[in-house]
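Visitor: Structure in structure tokens, see below.
All of the numbers you see were taken from the coordinates with simple rules; none came from a lab. All of these numbers come straight from a predicted model, not from anything done at the bench. Positions of Cβ are backbone-derived with ideal geometry, glycine not excepted, and every protein chain shown enters the neighbour counts.
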Amino acid sequence: MPNCDHVGPEQVIEYAEHALRERGLPPEQWDGARYAWAGNVDENTSVHVEVVRENGGWRVTQLERRKSAIPETESGYRVL
């Protein structure tokens, strides 16, 4: 299986947990938190990843490789 040069679900979860801790929220209050990341792999391909916290665990709700690039303004991490 080839390695990927983009952010994956694990990195989105790490970012989400870091952001939630910075807000001072304990893990038992994280349920319902939703985070995403989108970015370009090259000039013709982009990736979009979304996760949600449910029942004390993280679930990937979207993992999409798109056949088009996205504008830089839509790239990066975000809270949903």
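Visitor: How far apart, in nm, are the 7 Å Cα→Cβ label points at Thr73 and Leu25?
Guide: With each label placed 7 Å out from Cα toward Cβ, I get 2.8 nm.
Visitor: Amide H of Val41: which non-local residues (sequence gap of 5 or more, or other chain) have their own amide H closer than 5 Å, using H built in the peptide plane?
Guide: The list, which skips near neighbours in sequence, is Ser46, Val47.
Visitor: By how many degrees, 0 to 90 and rounded to 10, does the Cα axis of helix 9-22 deviate from the longest principal axis of the chain?
Guide: Long axis of 9-22 versus the principal axis of the chain: about 40 degrees.
Visitor: While we're looking at this one, here's another question. Using alpha-carbon pairs under 8 Å, 6+ residues apart, how would you state the relative contact order of the chain in percent?
Guide: Relative contact order, the chain: 30 percent.
Visitor: Here is a further query. Mind checking the full-extension length gain between Thr61 and Val41? Use 0.36 nm per residue of separation minus the Cα-Cα distance, one decimal, nm. If you can, show how the numbers build up before the last one.
Guide: Working: separation 20, 0.36 × 20 = 7.20 nm, distance 2.02 nm.
Going from the current span to full extension adds 5.2 nm.
Visitor: For the chain, what is the charge dipole size about the Cα centre, in debye to the nearest 20, if Lys and Arg each add +1 at the Cβ and Asp and Glu each add -1 at the Cβ? All intermediate terms of the calculation are to be shown ahead of the outcome.
Guide: Numbers: 9 positive and 14 negative charges, 39 e Å.
Around 180 debye, computed over the chain.
Visitor: Given H placed 1.01 Å from N in the peptide plane, which residues other than close sequence neighbours of Glu54 have an amide H under 5 Å from its amide H?
Guide: Gly32, Arg59
Visitor: Moving on to the next point. Using a 10 Å cut-off on Cβ atoms, rank the peptides 33-46, 15-28 from the highest mean neighbour count down.
Guide: 33-46, 15-28
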